[in-house]
Structures are given as structure tokens and as C-alpha cells.
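**Q** I'd like to ask some things about the structure below.
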Number of protein chains: 2
Amino acid sequence: MPESSPSTPKLYLEDLAPGDRFTSGEHALDAAQIIDFATRFDPQPFHLDPEAAQRTFFQGLAASGWHTAAITMKLLVESGMPLADGVIGSGGELSWPKPTRPGDVLHVESEVVEVVPSRSRPERGMVLMRCETLNQRGEVLQRFSPKLVVSKRPA
Amino acid sequence: MPESSPSTPKLYLEDLAPGDRFTSGEHALDAAQIIDFATRFDPQPFHLDPEAAQRTFFQGLAASGWHTAAITMKLLVESGMPLADGVIGSGGELSWPKPTRPGDVLHVESEVVEVVPSRSRPERGMVLMRCETLNQRGEVLQRFSPKLVVSKRPA
């Protein structure tokens, strides 16, 4: 699966079919990024302090799940899903099977599950995707099954 | 529903029952915060540029859904859910029924749906919650149904 790039054709609803796959570029995470995000949005000891984190559920510093989710979005937008009108989601089922750790290098592998043209809005449709965020050892850190709003090609 | 505060008792699994409700403090969002988050994690025109956003699906600047989710987590951690060992989620169903806009003042209303002691780990259990993020007009901006890992009271 080649990584998307600025020369990747921009896709519309008609261009997508179940089984289509996309692979993003990479994001290298370190403790400073984990602590910075957690300070703003998830200030708990296991996301803020490597020492204190040892004595918690996570047994060491771990990224906020919302940080993993935000990096996943960055990767999808920049290189993981070349949709003509952007990556617009209405939600989906989200899970974090393993903690994201300092030193992890993340990328996202996505697959089209279902393409549903809208009955009421002929200019667009809904695409159900399955997006896995993995680290450099192939461990799945996040699973997300978003419902995306995707435009049809303009007439 | 009183807002949680530093004097709020810290809760363990035994303290939670279906129907229990919590209300967080508030977070006031502005365009600068929306653009800052989007620049880092969701760099798309409808999250970055009020002018360009007018001509998109969102018809004006909107916060990244992941920004709404991250603020929700901040509110839960700081004032929305006084769990003794912290707010630790393994995932859940997430949806954004309406865009979050500059000027919105967010708070979170949460309800315990189910409490399930672990069979394999006697020291903890799973709590299914329903968390709604609302703005100052009572509009629901996010629904999230997290599964939380919650400790029992130490012996």
C-alpha cells in the first residue's frame, strides 16, 4: 500500500469500494509530546509523570488515548486518506487495546468497509471505514470504525 | 448535580450504581483554541480558516471532533467524574451530532449505565458510562459511551 502524497489523486464517493486500503505516513512519539498533550487535556499521573506512572494501572508513562486518537487524525488528514473534500467523521466505535508509549512510531492502516449513497442528499454519501493505528512492532494501539461523510464528484 | 471539587469524595467501584449522575465544570472555547488544536492534529480548512470554512460542509469554523473529545476528557478528569484511581477508558462508541463552534461553553453530563465486577481481577471492574458534552444552549455536541476500568476500595 503506497503512502498517500500530494500527487495522490483526490477521491470522491464513486472512487471508493469495500476492501480499498490506505496506509499513512508515520509519527514518532516521545515523552515530551505525551506530557504536553496530557497537561492540556488529560492531566492524570500516568500521562504526566514517568515515576508516578510506575505505580498505576499503566505501570509506566502512557499517552492519553485521546492523544493517540488525535495523532491518528493527523496521519489520516496528511497522508492516510486522500478524500477530495477532507476527512469528515460523525463518530464511530473506538478502542485502545494497548497503551501508546514514549518511543512508539505510529502509522494508520485503513480499509473501506461499506459505501452508502445518501437517499436524501444526492451529492454525498456515508463511508464506513476501519482504521487501525499501529506502532513500529505492528502492535495495534487503537481501533476506530468511523462513519465518514464523503462527497460525490461534482457534475 | 453538584460539580465535583477537590473536596468531593473519591469513588471506588462499590460507590457506583446505575443511574448515578455527575456534572462537570465548564470550558469556554474560542477560535484561537480551535485553530491551535487543528494546526497540530486536524489541519483541514474548516478547522483552520473562518473564511475558507464558509464554503465547506461545516459552513463556518468548527472545532475538530477530537478537540471536543479532548476537552471532554479534561472536564471529566478535573471535575466530572471523581474516581479514586483516575478516569481510565478502554474505548467506546463516540458521536458528534452537531459541530462545536467558537464561543461555545462546554460542560459534560455523565451517567452510570452498568457496573460489572471483573471475574478474573477481583480488585477492579468495568463501568459503562454515558457522557454527553453540551454547550451553553443545551445542544449536545458529543455523545460518548466509555467503558472505564474502576478499582475496588483497597482492603
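**Q** Using the structure shown, decide if B:Glu26 is open to solvent by 50 Å² or more (accessible area, probe 1.4 Å), within 10 Å of chain A (Cβ to nearest Cβ) and under 21 Å from the mean Cα position of the chain (by Cα).
**A** Numbers: open to solvent by 50 Å² or more (accessible area, probe 1.4 Å): yes; within 10 Å of chain A (Cβ to nearest Cβ): no; under 21 Å from the mean Cα position of the chain (by Cα): yes.
It is false that B:Glu26 is open to solvent by 50 Å² or more (accessible area, probe 1.4 Å), within 10 Å of chain A (Cβ to nearest Cβ) and under 21 Å from the mean Cα position of the chain (by Cα).
**Q** How many of the residues making up the stretch A:100-155 are without any contact (Cβ under 8 Å) to a residue 24 or more places away in the chain and either among the charged types (D, E, K, R) or in contact with a Cys (Cβ under 8 Å, 6 or more places away or on another chain) (or both)?
**A** Summing the residues that are without any contact (Cβ under 8 Å) to a residue 24 or more places away in the chain and either among the charged types (D, E, K, R) or in contact with a Cys (Cβ under 8 Å, 6 or more places away or on another chain) (or both) in the stretch A:100-155 gives 4.
**Q** Checking B:Ala69 against (1) over 30 Å from B:Ala155 (Cα atoms); (2) among the hydrophobic types (A, V, I, L, M, F, W, C); (3) open to solvent by 10 Å² or more (accessible area, probe 1.4 Å), which single condition isn't satisfied?
**A** (3)
**Q** Can you tell me which condition B:Thr100 does not meet? The list is (1) closer than 17 Å to A:Gly65 by Cβ; (2) open to solvent by less than 40 Å² (accessible area, probe 1.4 Å), and all the others hold.
**A** Of the numbered conditions (1) closer than 17 Å to A:Gly65 by Cβ; (2) open to solvent by less than 40 Å² (accessible area, probe 1.4 Å), the odd one out for B:Thr100 is (1).
**Q** A further question follows. Hey, can you tell me all the residues within the stretch B:82-120 that are assigned to a strand (DSSP E or B), of a type in the set (Ser, Thr, Tyr) and within 13 Å of another protein chain (Cβ to nearest Cβ)?
**A** Within the stretch B:82-120, the subset assigned to a strand (DSSP E or B) is B:83, B:89-95, B:105-117.
Subsequent filtering for residues that are of a type in the set (Ser, Thr, Tyr) retains B:90, B:95, B:110.
Residues satisfying the conditions are B:Ser90, B:Ser95.
**Q** Which of the residues that make up the stretch A:1-19 are at pLDDT 95 or above and open to solvent by less than 50 Å² (accessible area, probe 1.4 Å)? Walk me through how you get there before you give the answer.
**A** We begin by selecting, within the stretch A:1-19, every residue at pLDDT 95 or above; these are A:11-19.
Those that are at pLDDT 95 or above and open to solvent by less than 50 Å² (accessible area, probe 1.4 Å): A:Leu11, A:Tyr12, A:Leu13, A:Leu16, A:Ala17, A:Gly19.
**Q** Mind checking which residues of the stretch A:121-143 are in a strand (DSSP E or B) and more than 16 Å from A:Asp20 (Cα to Cα)?
**A** Of the stretch A:121-143, the ones in a strand (DSSP E or B) are A:124-134, A:140-143.
Result: A:Arg124, A:Gly125, A:Thr133, A:Leu134, A:Val140, A:Leu141, A:Gln142, A:Arg143.
Conditions (1) open to solvent by 40 Å² or more (accessible area, probe 1.4 Å); (2) more than 23 Å from B:Phe57 (Cβ to Cβ), marked per residue:
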{"residue": "A:Leu75", "(1), (2)": "no, no"}
{"residue": "A:Gly86", "(1), (2)": "no, no"}
{"residue": "A:Val108", "(1), (2)": "no, no"}
{"residue": "A:Pro117", "(1), (2)": "yes, no"}
{"residue": "A:Arg137", "(1), (2)": "yes, yes"}
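**Q** Can you tell me which of (1) over 18 Å from A:Cys131 (Cα atoms); (2) assigned to a loop (DSSP other than H, G, I, E, B) is the one A:Thr39 doesn't meet?
**A** Among (1) over 18 Å from A:Cys131 (Cα atoms); (2) assigned to a loop (DSSP other than H, G, I, E, B), the lone unmet condition for A:Thr39 is (2).
**Q** Taking interchain pairs and intrachain pairs at least six residues apart, which have beta carbon atoms under 9 angstrom, with the first residue in the stretch B:88-99 and within 27 Å of B:Leu11 (Cα to Cα) and the second open to solvent by 50 Å² or more (accessible area, probe 1.4 Å) and among the aromatic types (Phe, Trp, Tyr)?
**A** Pairs found: B:Ile88/A:Phe57.
**Q** When B:Gly60 is evaluated against the numbered criteria (1) open to solvent by less than 10 Å² (accessible area, probe 1.4 Å); (2) within 11 Å of the chain's Cα centre (by Cα), which criterion, by number, is the only one it fails?
**A** The one condition B:Gly60 does not meet is (2).
**Q** Restricting to the stretch B:29-62, and then to whatever is free of Cβ contacts under 8 Å to residues at least 12 places away in the same chain and among the hydrophobic types (A, V, I, L, M, F, W, C), can you tell me which residue is nearest to the other protein chains (Cβ to nearest Cβ)?
**A** Only one residue fits best here, namely B:Phe57.
The values are calculated or read from the model by the stated rules, or taken from the named source; none is laboratory data. Note that the structure is predicted; figures quoted are calculated from it, not measured. No Cβ is skipped: glycine too gets one built from the backbone with ideal geometry, and neighbour counts run over all protein chains shown. Side chains are part of the model used for accessible areas, which takes the heavy atoms of the whole protein and leaves out ligands, DNA and RNA. Shrake-Rupley method; radii C 1.70, N 1.55, O 1.52, S 1.80 Å.
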